[in-house]
Amino acid sequence: MTYSGAVTVGGPAEVHELADLMISKAAVGPMNNNAYLLRCRTTDEQLLIDAANEPRTLLALIGDDGIKSVVTTHRHGDHWQALAEVVEATGATTYAGRHDAEGIPVPTDVLVDDGDTIKVGRVELTVRHLVGHTPGSIALIYDDPHGHPHVFTGDCLFPGGPGRTTRPEHFESLMSGLEAKVFVLPDETWIYPGHGNDTTLGAERPHLGEWHERGW
């Protein structure tokens, strides 16, 4: 089945099969959060991005092989409701941005900063710190050597614009970070957001000026 990135709460996960990495996307309620399970195709090691909610759903997605690590993209509560139960069941190492970890009630084992790398088997993800939606939000970039980049943006970038900000200076900070650290990637770059459907940078790039003008 061709991967579309369109998933629904209570529905099946969709799997994006890359040469070195398998990406399974599932939606959980009640806020239609996306959780992403990454599996290295060489070692079978797994990593979960955002244990958002519905621990049973996520543990079923993970399966008997377990996960080595779980990354929380930012401190907002809808992105870590299942974290404690997933960690207890799997013994996974927890990762989060240095400036958001204090807002996540499950202890963070590894604090990450801009430019750090997180490994899942032989696959490397590059951390990008984006300030604005929260102080310590992170995006994860997988620069596929066999194709185009893939970016897990949390709530920093969606189809149609950046994530929610509450002050003009926060909006400008988020936009500056996205333009300097994400939109430098090619148009083919696939974007996996924290809620809703996927997009590409090519689909969003023509609208950067509109976003600046509207201020959100």
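Before moving on, here are some points about what is shown:
- Each of Trp80, Trp190, Trp211, Trp216 has some number of other Cβ atoms within 10 Å of its Cβ, and from fewest to most they run Trp216, Trp211, Trp190, Trp80.
- From phi via Karplus (6.51, -1.76, 1.60), per-residue ³J(HN,Hα) for the range 43-55 in Hz, x at Gly/Pro: 9, 6, 5, 10, 9, 10, 9, 6, 7, 6, 5, 6, x
- Hypothetical label at Asp144: residues of the range 1-21 whose amide nitrogen lies under 11 Å (7 Å Cα-Cβ projection): 3, 16-21
- Spin-label model distance (nm) - His212 vs Asp64, 7 Å beyond Cα toward Cβ: 5.5 nm
- The charge dipole of the chain, taken about the Cα centre with unit charges on the Cβ atoms of Lys, Arg (+1) and Asp, Glu (-1), comes to about 180 debye, rounded to the nearest 20.
- Considering only the chain, percent of DSSP beta bridges that pair antiparallel, nearest 5: 70 percent
- Sequence of Glu85, Glu54, Glu210 once ranked by neighbouring C-beta atoms within 10 Å, starting from the fewest: Glu210, Glu85, Glu54
- Cα extents of the range 92-216 along the three principal axes, largest first (Å): 41, 38, 24
- For Thr2, net neighbour charge (Lys/Arg +1, Asp/Glu -1) across residues whose Cβ lies under 11 Å away: -2
- Spin-label model distance (nm) - Glu88 vs Ser4, 7 Å beyond Cα toward Cβ: 3.7 nm
- Under 5 Å, built H, 5+ apart or other chain: amide partners of Gly132: Ser137
- Over all other residues within a Cβ to Cβ distance under 11 Å of Ala82, the charged ones net out to -4, with Lys and Arg as +1 and Asp and Glu as -1.
Any read-out appearing in this document is the output of simple, stated calculations on the displayed coordinates, not a laboratory observation. Only a predicted model underlies this, so the values are computations on that prediction, with no experimental measurement involved. FYI the Cβ positions are ideal-geometry reconstructions off the backbone, even for glycines, and counts take in every protein chain you see.
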